[in-house]
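Please read the structure below before turning to the comments.
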Amino acid sequence: MLVVAQMAAAFANLIWKVKTMLGTGDAGVLLQENGLDVPLGDGRTAYFNYYWLRDNCPTSFDAETRERAFDIFAEAEAPRAETAAIAGGHLEITWAGSGHVTRMPLEFLNDYAAGEKRADPANLARRPWYGDHYAKIARFSHAELIADKAHVRDWVQAMLIDGVALLTGLPDTDDALLETAGLIGHVRPSYFGLTFEVKTHIKPTNLAFTSKALPLHTDLPDEDLAPGVQFLHCRANSVEGGNSLFVDGLAVAEDFRKAYPEDFELLVSVDVPYYCEHDSFDMRSRQHVIELDEYGNVSGVTISQHHADIFDMPQQDLDRFYPAFCRFGQMMRNEKYLMRFRLNAGECIVFDNHRIVHGRAAYTATSGDRHLRGCYTDRGELRSTYRVLAGEGRFK
């Protein structure tokens with residue numbers, strides 16, 4: 001029996017080698033040494049690697065967890081097709097050695113035929129905005145967000161496109177902020193804790209905790225991974241002054257790229273040191289002023305004068321960097337980009353902390369009460385929530 005099995009295996013191997021040399025499979029599929037040429041049904045033919053085909057067989061994924069369960073590392077031999085054919089809109093492969101059969105939809109193969117990045121439904125085109133944006137800002141009531149996930153989807157969509165939204169009607173409770181933030185992600189703590197209170201402190205550890213003017217900035221650039229999405233729930237605001245200042249860093253960066261292309265490249269590539277040091281913490285990190293996504297598009301900015309550490313680059317490099325850095329900071333303060341508004345009690349401003357630069361005008365602490373309660377969630381969870389609510393996952 002062993003001899004018969006060996007002879008059968010040898011014969012099968014011979015047939016496979018003949019097919020490979022002739023370059024022929026069934027129904028137009030061509031067997032190559034390391035993969036298949038597959039007709040996609042629209043006149044195009046695309047090449048697919050054997051490892052990739054076997055690794056991504058629909059049976060490779062656990063039906064309950066949706067995680068990959070097949071272990072490509074455990075394969076003693078490189079995978080190769082015994083036979084391959086097109087049937088019923090699927091590529092059908094019988095694998096040499098194991099006899100395992102893979103049925104893979106041509107529609108799925110078409111998505112990966114060009115070797116391009118997998119399409120992401122959360123990668124929505126970002127829309128730059130300017131100083132007149134307050135009247136156009138996306139607004140959602142707390143009640144409708146709690147009642148209907150469709151409104152949460154629209155809110156997240158606005159965040160992905162504009163980077164900012166205004167929520168109204170939040171109850172004057174500690175739980176209101178955490179409940180609202182939980183609609184789009186888990187609250188992530190910072191070195192200030194799970195939440196933070198923006199009001200005058202007796203011993204402030206941050207300019208935000210004073211009544212002084214707060215320069216335009218993004219939050220906590222001194223953390224290795226700065227918070228992604230920021231929530232500021234206004235509990236009270238009866239003081240004189242203290243208007244909120246918001247700028248779309250993406251709009252500034254895109255205009256900066258056109259006006260000063262060489263300066264733009266510096267701000268994209270040079271690491272800027274940031275720090276925040278007090279008795280109980282000493283945070284330090286390095287960030288790029290302008291952030292690009294994997295397609296080369298501006299995805300945001302990181303900037304904070306009051307958290308900037310002493311620039312420790314070579315002094316000769318600073319001859320170029322400082323002028324570029326200052327040009328960008330000065331452009332950011334131009335009235336063209338500056339949105340000014342008063343945040344009222346019961347409102348919550350939510351924004352992308354890697355895109356939206358924010359600040360505050362000074363106010364008179366003795367003129368009334370000003371209290372904002374804040375927290376953070378992550379950008380990745382924002383995108384995840386959109387994919388789920390838009391029904392665009394791989395297994396949908």
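The residue that is nearest to Thr195 (Cα to Cα), among those in segment 233-261 that are within 25 Å of the chain's Cα centre (by Cα) and β-branched (Val, Ile, Thr), is Val247. The number of residues in segment 349-371 being out of contact with any helix residue (DSSP H, G or I) (no Cβ under 7 Å at 6 or more places or on another chain) and assigned to a loop (DSSP other than H, G, I, E, B) comes to 5. Scanning segment 255-285 for residues that are buried (at least 16 other Cβ atoms within 10 Å of the Cβ) and not aliphatic (A, V, I, L, M) turns up Asp255, Phe256, Arg257, Tyr260, Asp263, Phe264, Pro273, Tyr274, Cys276, Ser285. As a summary of the residue check, Arg126 satisfies the conditions (1) more than 30 Å from Val252 (Cβ to Cβ); (2) assigned to a loop (DSSP other than H, G, I, E, B); (3) modelled with pLDDT of 95 or more except for the one numbered (1). Residue-level analysis places Leu109 outside the set of residues that are surrounded by 14 or more Cβ atoms within 10 Å (Cβ to Cβ), closer than 29 Å to Leu382 by Cα and out of contact with any strand residue (DSSP E or B) (no Cβ under 9 Å at 6 or more places or on another chain). Taking segment 286-302 as the range and being in contact with a helix residue (DSSP H, G or I) (Cβ under 7 Å, 6 or more places away or on another chain) and not aliphatic (A, V, I, L, M) as the test, the residues that pass are His288, Gly300. None of Gly346, Gly380, Gly374, Gly393 is in a strand (DSSP E or B) and either modelled with pLDDT under 95 or small (Gly, Ala, Ser) (or both) except Gly374.
Every test in (1) closer than 17 Å to Met159 by Cα; (2) part of a strand (DSSP E or B) is passed by Leu216 save one, and that test is (1). Of the numbered criteria (1) among the aliphatic types (A, V, I, L, M); (2) touching an Asp or Glu at 6+ places or on another chain (Cβ under 8 Å); (3) more than 16 Å from Tyr376 (Cβ to Cβ), the one Leu267 fails is (2).
If I filter segment 302-324 for residues that are in contact with a Lys or Arg (Cβ under 8 Å, 6 or more places away or on another chain) and of a type in the set (D, E, K, R), do I get at least one hit?
We begin by selecting, within segment 302-324, every residue in contact with a Lys or Arg (Cβ under 8 Å, 6 or more places away or on another chain); these are 309.
Still in the list and also of a type in the set (D, E, K, R): 309.
Scanning segment 302-324, I find at least one residue that is in contact with a Lys or Arg (Cβ under 8 Å, 6 or more places away or on another chain) and of a type in the set (D, E, K, R), so the answer is yes.
Restricting attention to segment 223-269, the residues that are touching a strand residue (DSSP E or B) at 6+ places or on another chain (Cβ under 6 Å), outside any strand (DSSP E or B), touching a residue at least 40 places away in the same chain (Cβ under 8 Å) and over 27 Å from Thr385 (Cβ atoms) add up to 4. Lys203 meets all of the listed conditions (1) among the charged types (D, E, K, R); (2) in contact with a strand residue (DSSP E or B) (Cβ under 8 Å, 6 or more places away or on another chain); (3) at pLDDT below 95 but one, namely (2). Just to be sure before I move on: is Arg333 in the same structural domain as Ser269 (by TED's automatic domain parsing), buried (at least 18 other Cβ atoms within 10 Å of the Cβ) and of a type in the set (Lys, Arg) in the structure I sent? Against the criterion (in the same structural domain as Ser269 (by TED's automatic domain parsing), buried (at least 18 other Cβ atoms within 10 Å of the Cβ) and of a type in the set (Lys, Arg)), Arg333 does not qualify. Taking segment 129-141 only, how many residues are surrounded by 14 or more Cβ atoms within 10 Å (Cβ to Cβ) and assigned to a loop (DSSP other than H, G, I, E, B)? Matching residues across segment 129-141 total 5. Within segment 215-258, the residues that satisfy the criterion of being touching a Phe, Trp or Tyr at 6+ places or on another chain (Cβ under 8 Å) and of a type in the set (Val, Ile, Thr) are Val229, Val239, Val247, Val252.
Working only within segment 235-254, note down all residues that are of a type in the set (D, E, K, R) and surrounded by fewer than 19 Cβ atoms within 10 Å (Cβ to Cβ). First the steps, then the outcome.
First pass over segment 235-254, keeping only residues of a type in the set (D, E, K, R): 235, 240, 248, 254.
Of everything in segment 235-254, those that are of a type in the set (D, E, K, R) and surrounded by fewer than 19 Cβ atoms within 10 Å (Cβ to Cβ) turn out to be Glu240, Glu254.
The values are calculated or read from the model by the stated rules, or taken from the named source; none is laboratory data. Since this is a predicted model, take the numbers as computed values, not measurements. Glycine also receives a Cβ, built like all others from the backbone with ideal geometry; neighbour counts cover every protein chain displayed.
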